[in-house]
Amino acid sequence: MVKKKTYVLACAALAMMVALSACSSAADQPKNESEQVNSEASAGTAEPAVTENTNETSTDTETVSTPAASEASTEPSQTVAAEDMPEYLPKDFPLPEDAKVTTATSTESDGKKSVMLIFTTEQDMKTISKLYKDYFTSKKLKDSGQIIDEKNIVIQGTEPDEKQSWSLIGGTTASKEGVIELTLTWSEI
């Protein structure tokens, strides 16, 4: 059973890596400022959530969004402000010093909290991989899987004692050399 879960997690991680790399193509980038605003506005819409291992879907109506760091800022920020972080994200989650948050969302549905955080960094993949490998090792994740190479990082697993599920997926972007985009999803289970 454990081997089957590990295999399923590895397959899911591989599928997410393919999706991530497909989403970061330069052709998909907005060509002008008005397209950028429209794509950001549509990113905040609620989408149906699929519950794992069932055929149920539910629409999240209690979405609480936290404003993301402004990319139009004239001053480069060295740290992420507390108001840029999702409300329910565990406080011990580490971010690189140069992290720029692009999406930060906290939701609560059926009494369970969840978070999605998308951010970028210009640190190298080796540094980022070590940071998050060490963090998730300290969490002692169960049913975990990870794929780490020079261009991608995928770490998934559950923390049964705290009843939390974690998924961190990221990779180098095709459109911006030297930039890594990471997507963290966290939820109570």
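Okay, here's what the table says:
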{"read-out": "MET116 surrounded by fewer than 19 Cβ atoms within 10 Å (Cβ to Cβ) and either in contact with a Lys or Arg (Cβ under 8 Å, 6 or more places away or on another chain) or aromatic (Phe, Trp, Tyr) (or both)", "value": "no"}
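Yes/no matrix, rows are residues, columns are (1) of a type in the set (S, T, N, Q); (2) modelled with pLDDT under 95:
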| residue | (1), (2) |
| --- | --- |
| PRO96 | no, no |
| LYS100 | no, no |
| GLN123 | yes, no |
| LYS133 | no, no |
| GLU150 | no, yes |
| VAL154 | no, no |
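The values are calculated or read from the model by the stated rules, or taken from the named source; none is laboratory data. Here the structure is a predicted model, which is why all the values come from computation and not from measurement. Counting neighbours? That spans all protein chains shown, and the Cβs are built from the backbone with ideal geometry, glycine included.
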